[in-house]
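Colleague: Sending over a structure as structure tokens; questions will come in a sec.
The values are calculated or read from the model by the stated rules, or taken from the named source; none is laboratory data. These numbers were taken from a predicted model, which means no experiment stands behind them. In this analysis, Cβ positions are derived from the backbone assuming ideal geometry, glycine residues included, and neighbour counts consider all displayed protein chains.
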Amino acid sequence: MSWLDDLDDDADEPGFDETDVRVRPNPKANRPRTKRRPAHADAQIARVLGVDRGRYTVLVDEDDDDERSVLATRARELRKTPIVTGDRARVVGDTSGAEGSLARIVGIEERTSLLRRSADDTDQVERVIVANADQMLIVVAAADPEPRPRLVDRYLVAALDAGIRPLLVVTKTDLADPSDFLGHFEGLDLAIFTSGRDGEKGMPVDRIGAALVGHSTVFVGHSGVGKSTLVNALVPEARRATGHVNEVTGRGRHTSSSTVSLRYRGAAGSGWVIDTPGVRSFGLGHVDPANILRAFTDLAEISEECPRGCTHLPDAPDCAIVEAVQEGRLGPGGPARLDSLQRLLETFRERREQAPGRSA
């Protein structure tokens with residue numbers, strides 16, 4: 001008998017197949033994990049008011065008689081998704097707002113804007129400050145501490161890059177005349193509010209408040225300029241801590257340690273005030289300089305006649321914008337607008353020169 005006959009005999013015997021493999025039972029008796037996630041069709045849309053150590057305060061049923069603040073955590077699948085003040089979040093779970101209750105954020109709605117900054121101009125890592133703001137209120141002091149035009153330029157660049165309308169408030173005008181400082185911004189379409197002007201004492205709270213109605217406005221400023229004092233005047237229940245300026249260093253003390261969204265209610269309507277911690281620097285490593293030119297609509301139109309790669313700076317050859325201003329085609333305000341544009345664009349030339357791999 002040949003070995004082929006042996007194979008035929010073995011075929012008649014009961015053999016082994018995959019059904020004989022023993023599978024170890026699941027000791028926890030739970031179902032295997034799946035990548036499929038529930039749709040959460042019953043999720044409610046809530047506004048993120050603040051973030052504190054992995055817990056999110058959100059406002060549920062906004063503008064409704066039953067609106068309430070709810071404490072929430074983030075779902076595991078969102079652990080790599082930044083959730084910031086101003087976000088519109090999808091929330092499930094216990095949204096009663098009762099003491100000890102905890103809801104869960106399972107998604108973020110599409111953002112209309114995103115204000116960001118980097119540690120410095122050469123750092124490409126972004127830090128998200130606030131989402132869905134449509135205005136930025138820049139607060140500076142006329143003195144104590146001294147105003148810093150270049151820092152304000154950086155705020156303006158970040159706002160214009162994000163598509164956010166900038167506003168400017170100057171405090172402490174009883175200590176110094178801000179006229180020279182404000183002269184830097186004559187060419188910009190920038191609403192400016194000053195304290196102690198036109199017979200008013202203190203800040204023109206009513207006029208500033210009127211500009212906040214119907215908007216979500218992020219407040220930014222150097223430490224010690226009076227930003228928290230202004231927030232408390234607009235939103236009395238905010239009770240934001242206020243500080244003072246060090247007489248030796250001239251620097252303000254950080255009083256706001258976190259970003260928080262507060263409801264403004266005025267005679268003309270309501271809006272949102274988003275208070276941020278004071279900063280002494282504002283990196284622009286993430287900003288696209290093309291967004292700055294687009295903010296100057298009349299100059300952007302003329303720039304289409306510029307040579308390819310034109311920087312629009314004073315040393316740029318054959319710049320159509322510079323020629324239009326020199327010829328008076330932009331009217332009396334043209335030189336100021338060009339100066340403002342060039343100062344903002346100069347920020348990016350400095351950034352490129354400081355970038356790693358470039359010689360000083």
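Colleague: Only one residue in Arg150, Arg116, Arg104, Arg74 is charged (D, E, K, R), within 27 Å of Ala191 (Cβ to Cβ) and surrounded by 15 or more Cβ atoms within 10 Å (Cβ to Cβ). Which one? If you could, list the steps in order and put the result at the bottom.
Modeller: On the way: Arg150 fails: surrounded by 15 or more Cβ atoms within 10 Å (Cβ to Cβ); Arg104 fails: within 27 Å of Ala191 (Cβ to Cβ); Arg74 fails: within 27 Å of Ala191 (Cβ to Cβ).
The match here is Arg116.
Colleague: Quick one: in region 257-289, which of the residues that are closer than 16 Å to Ser113 by Cα and assigned to a loop (DSSP other than H, G, I, E, B) is modelled with the lowest pLDDT?
Modeller: Filtering region 257-289 down to residues closer than 16 Å to Ser113 by Cα leaves 261, 272-274, 286-288.
Next, from what is left, pick out any that are assigned to a loop (DSSP other than H, G, I, E, B): 286-288.
Details: His286: 72, Val287: 76, Asp288: 77.
That would be His286.
Colleague: When region 307-341 is examined, which residues are found to be part of a loop (DSSP other than H, G, I, E, B) and crowded, with 18+ Cβ neighbours inside 10 Å? Give the derivation first.
Modeller: Going residue by residue through region 307-341, those that are part of a loop (DSSP other than H, G, I, E, B) are 307-319, 327-333.
Hits for region 307-341 are His312, Cys319, Leu330.
Colleague: Now for a different question. Where in region 149-253 are there helices (runs of 4 or more DSSP H), lying wholly inside it, with at least 2 residues that are modelled with pLDDT of 80 or more and among the hydroxyl-bearing types (Ser, Thr, Tyr)? First the steps, then the outcome.
Modeller: On the way: elements: 149-162, 179-182, 205-212, 227-234.
Ranges flagged: 227-234.
Colleague: If you check Leu344, Leu299, which single one turns out to be crowded, with 18+ Cβ neighbours inside 10 Å, aliphatic (A, V, I, L, M) and at pLDDT below 85? Before the answer, list the steps.
Modeller: Working: Leu299 fails: at pLDDT below 85.
Exactly one residue qualifies, and that residue is Leu344.
Colleague: Could you check region 114-140 and list, in sequence order, the residues that are at pLDDT below 95 and not β-branched (Val, Ile, Thr)?
Modeller: Listed by number, the residues that qualify are Leu114, Leu115, Arg116, Arg117, Ser118, Ala119, Asp120, Asp121, Asp123, Gln124, Glu126, Arg127.
Colleague: Consider region 214-234. How many of its residues are of a type in the set (A, V, I, L, M) and farther than 20 Å from Asn132 by Cα?
Modeller: Within region 214-234, the first condition is being of a type in the set (A, V, I, L, M), and the residues that meet it are 218, 220, 225, 230-231, 233-234.
Still in the list and also farther than 20 Å from Asn132 by Cα: 225, 230, 233-234.
Summing the residues that are of a type in the set (A, V, I, L, M) and farther than 20 Å from Asn132 by Cα in region 214-234 gives 4.
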